[in-house]
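Quick notes on the structure that follows.
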Amino acid sequence: MKMETYEIYSLTSVVLFAIGLGGVFLAKHFLRKIIATIIMGGGVFLCFVSFAKRDAITFADPIPHALVITGIVVAVTAAAFALSLARRIHKLTGEDTFEAKK
Amino acid sequence: MKEFPTSALPALLVGLPMLLATMSLFFRVKGRALLGVLGSFLVGSLALFAFIEVTKYGTIIHILGGWEPPLGILLRMDPLAAVFIGLTAIIGIFISLYSWWYFRARIASIGRFPLFWPLWFFLWAGLNALFLSNDLFNLYVTIEVITICAVALAVLSGEPKALKAGLRYLLAAIIGSMAYLFGVALIYGSTGTLDLYLLGEVLKPGNTTTFALIVITLGLLIKKAAFPFHFWLPPAHSAALAPVSALLSALVVKGAFYMMLRLWTEVFEVSLTFAAGQLIGITGAAAVLWGSWQALLQTNFKLLVAHSSVAQMGYLLMMFPLLVLAPGQMADSADWLAPAWTAGIFQVMAHAFAKASLFLSAGIVVMALGHDRIESLRDLVAWMPMTAMAIGIAGVSLIGLPPSGGFLAKWMLLKGVFLSGQWWWAPAILAGSLLTAGYVFMLLRLAFAPARVKDPFRPVPKILQVCALLLALGSFLIVIPAENLIQFLEGSKSFGSGIESIVKGGGYGNE
């Protein structure tokens, strides 16, 4: 059975999403958690663009690209905000995880 | 789409608060606060004007920049959206008034938090845009605007406790929105459209649709802090400043509920089963019991109110099992749909008023005491009768005693539960009310108890207490126009409709 190109990308996107989701819950360090959400986002955006061009004949659908660009802007903003919060917490308390220091 | 009257009002409802937010950045602290209060009256009266227009002409739409969907963005203000926008306006005006005096009074101790005003107006623009949105991607963008503003507001005080709660909130919200967006991608991939109206017609049952439904619902449940995803709500809502807590609890969590209501009743009808509705109902019932029980155990006022939010949001989820009909039932003969919808809308309104009032009262108590331990509420009645009354009235509405808005909501929910034969929800509804009565009377008992120290409370500006009291009264006043409001809401496409569940079948994909 031969896989279509877009199917490979779609499956990869699901795997990326799952890795990110697992990472957010399993990782302790703030930075790791934030990076995990970025990986989740990468999976979602890959899923979007993978549907844009399903066969070799037709042109790629431009709408998913427009949506992904918007999505990336939003995700970058959220990640930057999360990073600045993590930095401020580290500066004030010296902590880098949600658990209280022993 | 063409038959609806076009008007600039929906665009103004999003544009005006955004303009005010940007403008306020050019002012210094004092001017900004003044602009904030005046601006809130401006946006509020615009929203109420738009509400009246919708009652006259029915649904109004606006096509941004003249670009027709699917390329352009269509804003739709139907009666359901109008009610949510009106509610946001009324509560927003009161909270703005309160904030003005709150930040003035606290100037000496901490600061005046000048960033509050721009963030609040961006949040208001985001909420209005969410209620007006008519496509899946627009909903995603608006809920992200709301989330980022809400988290920024929650960490405004800059204290480590608030920052940590804020980061937890932000991470949970990012997971929620990514899950939602994943579902949107799947739906776009299988149908090629994002428009809610169009999707309702072209979406076909199948594995892809079911999977998309699951991830979208999970994402929204995280955003609205449903059990067991509520972990982020109590710390974030209780660590924020008082007006911010009120905004977050009264308005922000309702955004995700509104999205879920719209998507379930307008888009996903084809792939919903009776079991899906029951599952959402179980999470709702669990939230009611767990949240109320936790609230009873708290020793801090703000944490108590925050846990109570988890419980009250649970009641909202209990309308979904009533909307999804069992196989063989028809929407036309299901007489419990109208009570279920009434219960949902009135629970949203009653909770918004009561919870805003309780958090504002908590702010007053913190200002008067310097902390919010419940034990210190002793003799509140003698020192601040208006605040004690606000807590009492808002509490009565939360419990659901007549003639409050909370009573109407819970009564209608019970009526719907018995009419539909799903009696198994009734114990959870009643037990939730009983537990709520437990923590409300615990507060009131202390408020009437004699004080142990002399002069327990520092004086607090009267206007703050008036704002909290008026909001509490609001949760009773909403009952008066109930009949007209329900009639008005019936003009909305989804209101009163049920979801006829289907026997699942079909092969892979939607082709």
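Rule-based calculations on the coordinates, nothing more; no lab input. Quick caveat: nothing in here was measured; it's all calculated off a predicted structure. Neighbour counts run over all protein chains shown; Cβ positions are idealised from the backbone, glycine included.
Figures for the structure shown
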read-out: Rounded to 10°, Cα long-axis angle of helix B:116-132 versus longest principal axis of chain B; value: 30
read-out: Additional length obtainable on full extension of the chain from B:Glu375 to B:Lys30, 0.36 nm per residue less Cα span; value: 120.6 nm
read-out: Part-to-part distance (alpha-carbon centres) for region B:45-92 and region B:446-496, which is given in Å; value: 26
read-out: Within chain B, percent of DSSP bridges classed antiparallel, to nearest 5; value: 70
read-out: Distance violations [Cα-Cα > 25 Å] among B:Lys161/B:Lys224; A:Lys53/B:Lys493; B:Lys224/B:Lys462; value: A:Lys53/B:Lys493; B:Lys224/B:Lys462
read-out: Inverse of mean 1/r across different Cα pairs in the protein assembly as shown, Kirkwood, Å; value: 24.7
read-out: Relative packing of peptides A:22-34, B:435-447, B:119-131 - highest average C-beta neighbours within 10 Å first; value: B:119-131, B:435-447, A:22-34
read-out: Spin-label model distance (nm) - B:Val202 vs B:Phe41, 7 Å beyond Cα toward Cβ; value: 4.8
read-out: Loop-located GluC sites (Glu not before Pro) in chain A whose Cβ has at most 13 other Cβ within 10 Å (DSSP); value: A:Glu4, A:Glu99
read-out: Computed over region B:230-317: relative contact order in percent, which uses C-alpha pairs under 8 Å that are six or more apart; value: 39
read-out: Three-way shape label, region A:5-93, alpha-carbon gyration tensor, a/c 1.5; value: oblate
read-out: Proximal aspartates and glutamates to B:Lys204, defined as alpha-carbon separation beneath 12 angstrom and excluding residues fewer than eight positions away on the same chain; value: B:Glu269, B:Glu511
read-out: Per-residue mean of C-beta atoms belonging to partner chains within 10 Å, peptide A:41-49; value: 5
read-out: Lys, Arg +1 and Asp, Glu -1 on Cβ, resulting dipole of chain A about Cα centre, debye, nearest 20; value: 560
read-out: With Cα atoms, 0 to 90° folded angle of helix B:253-262 axis to chain B main axis; value: 20
read-out: Within the protein assembly as shown, percent of DSSP bridges classed antiparallel, to nearest 5; value: 70
read-out: Between 0 and 90°, nearest 10: helix B:385-399 axis offset from chain B longest Cα axis; value: 30
read-out: Dimensionless Rg ratio for chain B, taking C-alpha atoms and the 2.2 N^0.38 Å reference; value: 0.94
read-out: Within 10 Å of each Cβ in B:308-320, the average number of Cβ atoms from other chains; value: 0
read-out: Neighbouring partner chain Cβ atoms per residue of B:166-176, average, 10 Å criterion; value: 6
read-out: Chain B - percent relative contact order, Cα under 8 Å, separation 6 or more; value: 16
read-out: Relative contact order for region B:296-494, counting Cα pairs under 8 Å that sit 6 or more residues apart, in percent; value: 32
read-out: Simple label model, 7 Å out from Cα along Cβ direction - B:Ala482 to B:Leu419, nm; value: 1.3
read-out: Mean residue ellipticity (222 nm) of chain A, computed from DSSP H runs ≥ 4 via -39,500 (n - 2.57), nearest 500; value: -26000 deg cm²/dmol
read-out: Placed amide H near B:Val324: partners under 5 Å, 5+ positions off or other chain; value: B:Ile499
read-out: Listed residue pairs exceeding 21 Å between alpha carbons, taken from A:Lys33/B:Lys254; A:Lys91/B:Lys164; B:Lys355/B:Lys415; value: A:Lys33/B:Lys254; B:Lys355/B:Lys415
read-out: Top positive-direction residue, dipole computed over region B:163-271 with Cβ charges, set B:Ala172, B:Ala240, B:Met260; value: B:Ala240
read-out: Ordering of B:471-482, B:170-181, B:54-65 by burial proxy (mean other Cβ atoms within 10 Å per residue, highest first); value: B:170-181, B:471-482, B:54-65
